[in-house]
Amino acid sequence: MGRKFSEIVIEGPFMMVKGFLLGFLACKKPKGKYFFHRKENIRRETLKEFVKELFELENYVHLCLEDELIEPFKQVVDLYTKKTGYVIKSIKPIKGAAFSFAAEIFEKDMGSSFKQIVEHLPEGVSLKNYTPSEIIEKDAKGFESYAPLHEYIFRAKGEIEGDFEGVIDTYMKIKRSDLNNFVICSEIKLEM
């Protein structure tokens with residue numbers, strides 16, 4: 001199992017809160033882990049919260065931070081509230097996370113890469129409702145991306161759930177790779 005995290009909602013503009021957090025981490029724990037909801041595609045509790053954040057109608061920043069940093073960060077925010085105006089609105093421990101995916105891949109090496117990611121998950125993370133299918137067409141010819149009939153087709157659907165840090169790491173492996181163009185992932189849902 002990975003580290004434990006909590007979700008924090010802070011009132012303040014995103015860029016300023018991000019700078020404040022990075023300054024805090026530089027002093028306290030430079031390699032500390034954090035994830036902003038808007039950057040990592042983590043679902044907000046309600047559509048109303050998403051719209052408010054998107055259009056900056058109210059300045060609320062949602063982020064996930066390692067539990068060992070929560071109390072020191074809270075103390076620093078409280079200490080500087082008069083100067084910054086930042087206020088912590090809520091802190092909720094995260095029990096787990098999940099996201100669903102659908103893949104359609106036309107290159108065998110890329111298909112193998114994807115299978116490697118979803119079939120060798122971090123400890124505390126599991127694969128649910130996984131339905132892979134692999135088709136190899138002997139008669140297909142031509143440059144794969146433009147061929148009317150692909151020589152190789154890998155399709156899969158499923159859900160990845162469990163330990164928050166492991167789920168986020170798996171999500172990032174997919175989204176920050178060449179697979180991103182061939183795999184659609186839902187928002188990451190937090191279990192509180």
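Would you be able to tell me the number of residues in the range 86-105 that are more than 17 Å from the chain's Cα centre (by Cα) and surrounded by fewer than 17 Cβ atoms within 10 Å (Cβ to Cβ)?
7
Please tell me if Lys39 is under 19 Å from the mean Cα position of the chain (by Cα), modelled with pLDDT of 90 or more, within 20 Å of Ile168 (Cα to Cα) and open to solvent by 60 Å² or more (accessible area, probe 1.4 Å).
Values: under 19 Å from the mean Cα position of the chain (by Cα): yes; modelled with pLDDT of 90 or more: no; within 20 Å of Ile168 (Cα to Cα): yes; open to solvent by 60 Å² or more (accessible area, probe 1.4 Å): yes.
Criteria not met by Lys39.
Could you grab me the full set of residues in the range 56-80 that are of a type in the set (Val, Ile, Thr) and within 15 Å of Gly19 (Cα to Cα)? Step through it out loud before you land on a result.
Looking only at the range 56-80, we keep the residues that are of a type in the set (Val, Ile, Thr), and these are 61, 70, 76-77.
Val61, Val76, Val77, listed by residue number.
Among the residues in the range 72-85, are any within 22 Å of the chain's Cα centre (by Cα) and open to solvent by 60 Å² or more (accessible area, probe 1.4 Å)?
Checked against the condition, which is being within 22 Å of the chain's Cα centre (by Cα) and open to solvent by 60 Å² or more (accessible area, probe 1.4 Å), the range 72-85 yields no hits at all.
The values are calculated or read from the model by the stated rules, or taken from the named source; none is laboratory data. Bear in mind the structure is a predicted one, so any value in this text is a computation, not a measurement. Ideal geometry is used to build each Cβ from the backbone, glycine not excepted, and the neighbour counts take in all protein chains shown. The area values use the complete protein model at the heavy-atom level, side chains included, leaving out ligands, DNA and RNA. Shrake-Rupley method; radii C 1.70, N 1.55, O 1.52, S 1.80 Å.
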